[in-house]
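A short worksheet on the structure shown next.
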Amino acid sequence: MKKIYFTLALLFVFSSLSFAQKNEKEKDFTSLKEALKSPEKVYRLNISNQEINLSDEQWSRFVNLEYLNLKNDHLKEIPVAITKIKSLKTIDLSGNDFTNLPDEFSNLTNLEEIYLNDEKNMNLPKTLSTLSKLPKLKSLHLENDNLSVLPNEVLRFKNLESLYLNNNKFKEIPKLDALDHLKYLDLKDNNIKPELQDMRNLNFGFKINF
């Protein structure tokens, strides 16, 4: 009987620890001050619409960070120290003022999704060239970027599964045959004519949303 109680107690402890860790992973930190009190417990950091100034040393303390939101922070340069956060899986850099991503961005080998919406100053060919080196990148957001064509660098994304081109100026469906893993293309709110939209029923190998 004692063994049964002991086993149940262990199961309860492990279950409680697992639940606590899950809650930690789902918690959004929106204050840098609070996040830096226990940076190892921060999995999601949303500091959008703020003025930020983090030193390289501070960025390196977020050893478990998986989601980072820097949307609308008016960044003219992306801090190179961010590229040392190996755990990072999703980053939102939308609505900033930078031209290029640092070359070291390719060090984010676990990055799966990136948001680059509302970027009017971005050098897209160079940005795509940098991002194409990321081995696990599956989802790319280029919404409301004033695009009418895609540079050829996008064809280097061999593992890309979802491409979001909403709210741009495309007049036809981009040729993306080389993207073998592409499953979803979003072209909602572009200038594509209705007769071309009918082509979505053809077998492109991926789903298209207009």
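The values are calculated or read from the model by the stated rules, or taken from the named source; none is laboratory data. The structure displayed is predicted, hence computed values, not measured ones. Neighbour counts run over all protein chains shown; Cβ positions are idealised from the backbone, glycine included. These accessible areas exclude ligands, DNA and RNA; they are computed on the full protein's heavy atoms, side chains included. Shrake-Rupley method; radii C 1.70, N 1.55, O 1.52, S 1.80 Å.
See the values below:
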quantity: Cross-chain or 6+ apart pairs with Cβ under 8 Å, the range 162-173 first and in a loop (DSSP other than H, G, I, E, B), then of a type in the set (Ser, Thr, Tyr); calculated: ASN168/SER148; LYS169/SER148; PHE170/SER148; LYS171/SER148
quantity: Residue list for the range 165-175, filter: open to solvent by 50 Å² or more (accessible area, probe 1.4 Å) and modelled with pLDDT of 95 or more; calculated: ASN167, LYS169
quantity: Considering residues of the range 101-128 that are of a type in the set (S, T, N, Q) and within 16 Å of the chain's Cα centre (by Cα) only, the residue farthest from TYR164 (Cα to Cα); calculated: ASN107
quantity: Leading residue by the ranking (modelled with the highest pLDDT) among those in the range 176-188 that are loosely packed, with under 15 Cβ neighbours inside 10 Å and over 14 Å from SER139 (Cβ atoms); calculated: LYS188
quantity: Flag for LYS158 being open to solvent by 70 Å² or more (accessible area, probe 1.4 Å) and part of a loop (DSSP other than H, G, I, E, B); calculated: yes
quantity: Some residue of the range 35-55 being assigned to a loop (DSSP other than H, G, I, E, B), among the hydroxyl-bearing types (Ser, Thr, Tyr), surrounded by 14 or more Cβ atoms within 10 Å (Cβ to Cβ) and at pLDDT 95 or above; calculated: yes
quantity: Candidates GLU153, GLU161, GLU113 - the one that is acidic (Asp, Glu) and in contact with a Pro (Cβ under 8 Å, 6 or more places away or on another chain); calculated: GLU153
quantity: Test set (1) more than 24 Å from ASP97 (Cβ to Cβ); (2) of a type in the set (A, V, I, L, M); (3) modelled with pLDDT of 60 or more; (4) surrounded by 10 or more Cβ atoms within 10 Å (Cβ to Cβ) - ILE4 fails condition number; calculated: (4)
quantity: Those strands (runs of 3 or more DSSP E) lying entirely in the range 65-146 with at least 3 residues modelled with pLDDT of 95 or more and open to solvent by less than 40 Å² (accessible area, probe 1.4 Å); calculated: 90-92, 139-141
quantity: Close pairs (9 angstrom Cβ cut-off, 6 or more residues apart or separate chains): of a type in the set (A, V, I, L, M) in the range 176-204, open to solvent by 100 Å² or more (accessible area, probe 1.4 Å) and at pLDDT below 80 anywhere; calculated: LEU187/ARG200
